[in-house]
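The values are calculated or read from the model by the stated rules, or taken from the named source; none is laboratory data. Keep in mind that what you see is a predicted model, and the values were worked out from it rather than measured. So basically every Cβ, Gly included, is an ideal-geometry build from the backbone, and we count neighbours across all protein chains shown. Only protein heavy atoms, including side chains, enter the accessible area calculation; ligands, DNA and RNA are left aside. Shrake-Rupley method; radii C 1.70, N 1.55, O 1.52, S 1.80 Å.
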Amino acid sequence: MTTAYPLPSNLSPATVANTASLLRIVALALISGAAIASRLFAVINFESIIHEFDPWFNYRATRVLASQGFYEFWNWFDPTAWYPLGRVVGGTVYPGLMATSGVIYNFLHALNLPVDIRNVCVLLAPGFSALTAWATYMFTKEMKDESAGLLAAAFIGIVPGYISRSVAGSYDNEAIAIFLLMFTFYCWIKALKQGSALFGTIAAIFYFYMVAAWGGYVFITNMIPLHALVLILMGRFSSRLYVGYSSWYAIGTLASMQVPFVGFQPVKTSEHMGALAVFGLLQIVAFGQLVRSHVSSAQFQKLLYASVVATGILGTAVFGLLTYKGWIAPWTGRFYSLWDTGYAKKYIPIIASVSEHQPTAWPSFFMDLQFLIFLFPAGVILCFRELRDEHIFVIIYAVMASYFAGVMVRLMLTLTPVVCVASAVALSTLLDTYIDPKEPDTGDDTKSESEATVVSASGTNGSSFSATPTPTPSKKIKKAAAAAAAPLPTSGIISDLVAATGGPTRRGEPIKTKGIFGMDSRLIVIMHTLAMLSFFVFHCTWVTSNAYSSPSVVLASTNQDGSQHIIDDFREAYYWLRQNTPEDAVVMSWWDYGYQIAGMADRPTLVDNNTWNNTHIATVGKAMSSTEENAYPILRKHDVDYVLVIFGGLIGYSGDDINKFLWMVRIAQGVWPDEIQEPNYFTPQGEYRIDDMASQTMKNSLMYKMSYYRFAELFGGNQAMDRVRQQQVPKVGPTLDYLDEAFTSENWIVRIYQVKKEDLLGRDLKSANAFGQGKKRKRTKPVPRRRAIV
Amino acid sequence: MAPKSSAPTQQTTAIQTLWKAYNEQTSDRLKFIDAFLFFLMLSGIVQFLYCILVTNFPFNAFLAGFSSTVGQFVLTASLRSQVNPENKNEFKEVSPERAFADFALGSIVLHFFVYNFLG
Amino acid sequence: MRSLFALLLLPFAFAAKDPQQQLVDLSTAGNGVIKLDATTFDLLTSPKRTWSAAIQLTALDKRRRCTPCMEFDPSWNMVAKSWTSVPKEQRNTHFFATLDFDDAPTVFQKLGLSSAPIVYVYPPAEGPRQPANGKTAPSKYDFSTGFEPGPLAEHISKHTPIPVPYKDPIDWARWASMAVGGLGLLFVLRFISPILTNRWTWAVGTVVTSLIMTSGYMFTRIRNSPYSGGGGNWIAAGYQNQFGQEVQVVAFIYGLLAFSFLMLIMIVPYQSSPYRQRMQVYLWTGVIMIIYSILVSLFRVKNRGYPFKLFL
């Protein structure tokens, strides 16, 4: 046997194995380190702070849990949210995240490490990303081997699609959910492969943890049954499948009902019925198998077959009847909108209005996954080549997740793990093939099976340069047989291509030896692959540091000299609220800012990001989109003391309320179609404008007035310009009669207005205001601290 | 499909042969497990009938009881197929002792949740 | 002289008749829809009306080239038709009417309209059905739900004495074709079952599906993006936007890259001649490099701030 490059010959197999496992451990440790480190950009560039919106609620809940204990948290009724309704927090959250940080916090304190709960929350996501890398390694190891596992772990550690939701400070359910997802899948594959009830039970326990942590658990609830169903349909039923699935389902379903927010849903809603149906089917099939093992009469077999089919039809009919009768709830809106993509926009505009529920354009895929996105189909094909039971899982996962990721941006998160796994399989197969030192014989003399097997993929580690041929015969033979069978059908598809490049079509010829000749072919492919990998690393670092590490509570801009300028308007305004208003002052804002106000300003809010009560949100939308006179009674009825709007026109912050305004109108219109009508907010030409040509309804709306109140004055007679909409604001700005400007932050991003009380003399506020202005026209107005940034 | 007229007699003979074959081919150990399975099945049927005919209140107690029987049933059935000598080459990594340990662990976890759910 | 007299008398003759009865007659004549002109429009929307009315303002003449008008008109007529089946006493208190631009341009001018189609619903201004809040101004129907008859009937039902009894007609043709198609599929299935049980059929299906999905097909479906912009411009500006043609191009690029990798992994190692194998290795590596550079430069077009580039 010739080799392409010299191999050390004086190594015992034990040394090779030991070195390989040591290298694996070191590599995994380094990968974990890289995964954590690359998520710390947010802390380094800004500070250790909780990001965005939902994390603020989680943080607030965790603080309650850490300070008052689990029991208090469980029974926590929050009267300040959804004023005046209040919210039962314990029964309406997935408590897994808070419980996890509570446990870590108490553990560290038991060790006398006085860590602040905020730092636990901020660093939870990076910590769990290291665990995700490990779980992905274990999962991929089941698919191929350790080297693929290491590649997959490295990919998931730094891939932006996962970093986007797990940077330090992004303290959200997804932070721990992806680890739980991958580990549950790993346990399921293990349970299926070994037929072990132990792994089934572990899978059920982690499934329970997942149910307690994230609403996306429904993905597992349907993926595993789908896999089982496909296996049955392919005629791959085995007792191992029965053991794995039954133990997972029986324990997992019972466990999932312990979470109060989930309750009886697993036996009452359609999302969970698939799992139950497959469970039932599996019992029938298993019973049939048992009977068949005892009796082999053809007649009986027919009878059995017929009874299985009849039971299936009967079950479907019963399911239909129950749904019809209303005992089983039909698909819930959020889930249903994944299939009928027009549904959400029509019936649940709140869901459609969230930016992370928008469909995904291709640049987002490339941004989040880079070269993995085109290695991924190659990996799926390689899974088809072997097609063991666990490969079918990856294939189903790939199809489902790529559909879901296309429909909703946030579901990119569920696609990312399978992309990493599949492309790691592809890339490690490539490297195995081209690092392998064996030179094939040039002649076309046929080799025996056993010799051919030795040449096939051998375990190489991501970092080691010497190939380690570890002979595991049974696996190898299977693999080689599959590999040998594979090219025959493909060559049919691609025969013309191969012919065009000078290669003969080799259909029906005896099995050829497999291998690469010479060093140059090897080197070019390996160098090329290494170049792609390092480009991937640069890409990930750039994307992470630029796109995904902004806390969105603190903004950053770059000055002309390249230094960073921090825009801290949100916290400025929230702290103003906290220090200058009475503790029970009710603040009205659009729901996006509800959690932040509760978390940072500690004031009651009308609506927040929980969005459970559509009417309440529509009320706020109506108040924002009607005229001052119409909005005032709404504000007074809800005891609103302050109204908070976000306005980005001065510095060009595009995520402001004027840009969200149409959604407010749309949601309000859903409840009061007679009073609020979307077309009225457009110009007759159907454009959305805020300048002189804006429609009268638009100009009179409370939101418009609050946003542009005294905006034009800022430009001192020059033409005022809205930097987000790139439109010129009317020179004569709107006037306010029922509200007073209370606070405007440095860059005008947050503007807070105080709602006036009823006039003492019983006049309506408009005439009172006119009277007051007539009298005191010469009163000098206090100059608030604001300046234009030009 | 068999013609309808002769179906009942054929069925009875088929079931008779099945019963005979079962008695002959199954070891006593497995028969013992099967007896337990049969008991669990009866218990489940009784609970289900009670739920439909009398009341399903309190629902969580019914669910806990019913899923404890179903869960125990499938765990026992798993144990049965794992220790069945016919399936030896399917469960290469699960010895009968390991199977029993798995069974015990699964049952403990199951009944922990049942107990928690009884409320 | 006589004719002049008759002409003078005509308005009186109209006036003499009860306006509501007159509208009922017009409505019956038009199969549930009153064809309006300037006079009858004023009659229908008179400030003393005790009835409600839903008016479609449209421009159906071919020269106006109003495609939405054409699309919407059948839905309108179907809803109006369904109203004719309600009992007489309710039927005669609500009218459906159509006003074509060419019949009464003055009305369009008066209402200040420049686009069509538009649906106005006039609530009754007097009488027992007068709205409680006293608003008699017409309300405009919001076309954001599309031109379907279902939502339209639902909207108008809010203003009629009883709901419009509109039901979507059962699409027999569609059901029949589905049944035939299903049967045909079953029949064909017998012949193509070897193809269906072949794993590579499924492999190709799976990969094509995920390629299409990951190149933003669902985006174009949900947002109804056009196939391409005007003037040979097929790349939509902006990072969060794309045209239909981009789906094809990007899916093709991804597919080609994946295919090149598969060639390197699955085909090239089986080459028995070192020379040919070397050529293929160089070929596919080159293809990957070039196509990948194209992909990155395409991405740079979409995302202006992207700092990296390969050979292109």
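Averaged over the residues of A:242-250, the number of partner chain Cβ atoms lying within 10 Å of the residue Cβ comes to 6.
Inter-chain Cβ neighbour count for A:281-290, averaged per residue, equals 2 (cutoff 10 Å, partner chain atoms only). Determine the shape class of chain B: with a ≥ b ≥ c the square roots of the Cα gyration tensor eigenvalues, call it rounded for a/c under 1.5, and otherwise prolate if a/b is greater than b/c, oblate otherwise. Because a/c hits 1.5 or more and a/b fails to exceed b/c, chain B counts as oblate. Rounded if a/c is under 1.5, else prolate if a/b is larger than b/c, else oblate: which is the protein assembly as shown, with a ≥ b ≥ c the root eigenvalues of its Cα gyration tensor? Prolate is the answer for the protein assembly as shown, as a/c is 1.5 or above and a/b outweighs b/c.
Which of the peptides A:747-760, A:73-86, A:594-607, A:422-435 is most tightly packed, and how do the rest follow, going by the mean number of other Cβ atoms within 10 Å of each residue? Numbers along the way, then the final one.
Details: A:747-760: 18.9, A:73-86: 16.3, A:594-607: 23.6, A:422-435: 25.4.
With the highest mean Cβ count within 10 Å placed first, the list reads A:422-435, A:594-607, A:747-760, A:73-86.
Let me know the shape class of region A:568-772, please: from the alpha-carbon gyration tensor, a ≥ b ≥ c as square roots of the eigenvalues, rounded when a/c is under 1.5, otherwise prolate if a/b is greater than b/c, or oblate. Note, shape of region A:568-772 comes out rounded. Taking the accessible area of region C:215-302, probe 1.4 Å, and keeping the other protein chains in place, the carbon and sulfur fraction comes to 63%.
Can you tell me the FRET efficiency between A:PHE70 and C:ALA38 if r is taken as the Cβ-Cβ distance and R0 is 60 Å, rounded to the nearest 0.05? Mind showing how you got there, number by number?
On the way: r = 75 Å, r/R0 = 1.25.
So, using R0 = 60 Å, E works out to roughly 0.20.
About its Cα centre, how strong a charge dipole does region A:568-772 have in debye, to the nearest 20, once Lys and Arg get +1 and Asp and Glu get -1 at the Cβ? Could you put the intermediate results ahead of the total?
Numbers: 20 positive and 29 negative charges, 53 e Å.
Approximately 260 debye in magnitude.
Working ranking of peptides A:102-109, A:10-17 by packing, defined as the average number of other Cβ atoms within 10 Å per residue, highest first, is A:102-109, A:10-17.
How many square angstrom of accessible surface are buried between A and C, both sides summed, with a 1.4 Å probe and rounding to 100? Before the final figure, lay out each step's value.
Values: alone 36720 and 20500 Å², together 50270 Å².
Separately minus together, A and C give about 6900 Å² buried.
Label sites at A:GLN754 and A:HIS109, each approximated as a point 7 angstrom past Cα along Cα to Cβ, lie 3.9 nm apart.
Counting partner chain Cβ atoms within 10 Å of every residue's Cβ in B:56-68, what's the average?
Values: counts 0, 0, 0, 4, 4, 0, 0, 6, 2, 0, 2, 8, 2.
Mean partner shielding for this stretch: 2.
In region A:193-321, carbon and sulfur make up what percent of the accessible area (probe 1.4 Å)?
Roughly 73 percent, rounded to a whole number.
Stokes-Einstein D for chain C at 25 °C, 0.890 mPa s, Kirkwood Rh over Cα pairs, in µm²/s? All intermediate terms of the calculation are to be shown ahead of the outcome.
Details: Rh = 25.9 Å.
Estimated diffusion coefficient is 95 µm²/s.
State to the nearest 20 debye the size of the charge dipole of the protein assembly as shown about its Cα centre, where the only charges are +1 on K and R beta carbons and -1 on D and E beta carbons. Write down the numbers at each step before the final one.
Numbers: 100 positive and 85 negative charges, 196 e Å.
Around 940 debye, computed over the protein assembly as shown.
Ordering A:LEU430, A:TRP576, A:ALA133 by Cα displacement along the dipole of chain A toward the positive end leaves A:TRP576 in first place; charges were set at the Cβ atoms of Lys, Arg (+1) and Asp, Glu (-1).
Restricting to region C:12-159, what percent of DSSP beta bridges are antiparallel, rounded to 5? Please report the intermediate quantities before stating the final value.
Working: 7 of 18 bridges.
About 40 percent, rounded to the nearest 5.
Our summary gives chain C a relative contact order of 13 percent, counting only alpha carbon pairs under 8 angstrom and 6 or more residues apart. Interface burial in region C:189-221 reaches 30 Å² or more for C:ARG199, C:TRP200, C:ALA203, C:THR206, C:VAL207, C:SER210, C:MET213, C:THR214, C:MET218, C:PHE219, comparing the full protein assembly with the chain by itself; accessible area from heavy atoms with a 1.4 Å probe. From the cross-link list A:LYS514/B:LYS88; A:LYS637/A:LYS731; A:LYS622/A:LYS660; A:LYS637/C:LYS158; A:LYS268/A:LYS622; A:LYS637/A:LYS705, which pairs have alpha carbons spaced over 24 Å apart? Cα-Cα > 24 Å for A:LYS514/B:LYS88; A:LYS637/A:LYS731; A:LYS637/C:LYS158; A:LYS268/A:LYS622; rest within.
Please give the per residue accessible area of region A:128-183, computed with a probe of 1.4 Å over protein heavy atoms only, in Å².
Numbers: 770 Å² over 56 residues.
On a per-residue basis, region A:128-183 sits at 14 Å².
Burial annotation for region A:251-265: residues with an accessible-area loss of at least 10 Å² between the isolated chain and the complete set of protein chains, computed on heavy atoms with a 1.4 Å probe, are A:ILE251, A:LEU254, A:ALA255, A:MET257, A:GLN258, A:PHE264.
Sorting check: for B:92-101, C:194-203, A:544-553, which peptide has the highest mean count of neighbouring beta carbons within 10 Å, and how do the rest follow?
Descending mean neighbour count gives A:544-553, B:92-101, C:194-203.
With the other protein chains left in place, how much accessible area per residue, in square angstrom, belongs to region C:75-117 at a 1.4 angstrom probe?
Working: 1960 Å² over 43 residues.
For region C:75-117, the per-residue accessible area is 46 Å².
Only DSSP H runs of four or more residues enter the estimate; each adds -39500 (n - 2.57), and after division by the residues of chain A the mean residue ellipticity at 222 nm equals -19000 deg cm²/dmol.
For region C:215-302, the solvent-accessible area with a 1.4 angstrom probe is 39 square angstrom per residue. In summary, the helical segments of chain A meeting the span-like criteria, namely a full DSSP H run, a Cα extent along the axis of 20 angstrom or more and a mean Kyte-Doolittle hydropathy of at least 1.6, are A:197-213, A:217-233, A:372-386, A:412-435. Spin-label model, A:MET519 to B:THR12: label points 7 Å out along the Cα-to-beta-carbon direction sit 8.6 nm apart.
The interface between chain B and chain A buries about 3200 Å² of solvent-accessible area in total (1.4 Å probe, ligands and nucleic acids excluded). For the protein assembly as shown, give me the percentage of DSSP beta bridges that are antiparallel, rounded to the nearest 5 percent. The antiparallel fraction comes to roughly 65 percent. If you plug the beta carbon distance of C:ARG64 and A:ALA37 into 1/(1 + (r/R0)^6) with R0 = 60 Å, you get a FRET efficiency near 0.40. The residues of region A:375-423 occluded by other protein chains by 40 Å² or more of accessible area, set against the chain on its own, are A:PRO377, A:ALA378, A:ILE381, A:PHE384, A:ARG385, A:VAL399, A:SER402, A:TYR403; surface from heavy atoms, 1.4 Å probe.
Rounded to two decimals, what ratio of Rg to Rh does region C:120-183 give with C-alpha atoms and a Kirkwood Rh? Please list the in-between numbers first.
Working: Rg = 18.0 Å, Rh = 14.6 Å.
Reported Rg/Rh (Cα atoms, Kirkwood Rh): 1.23.
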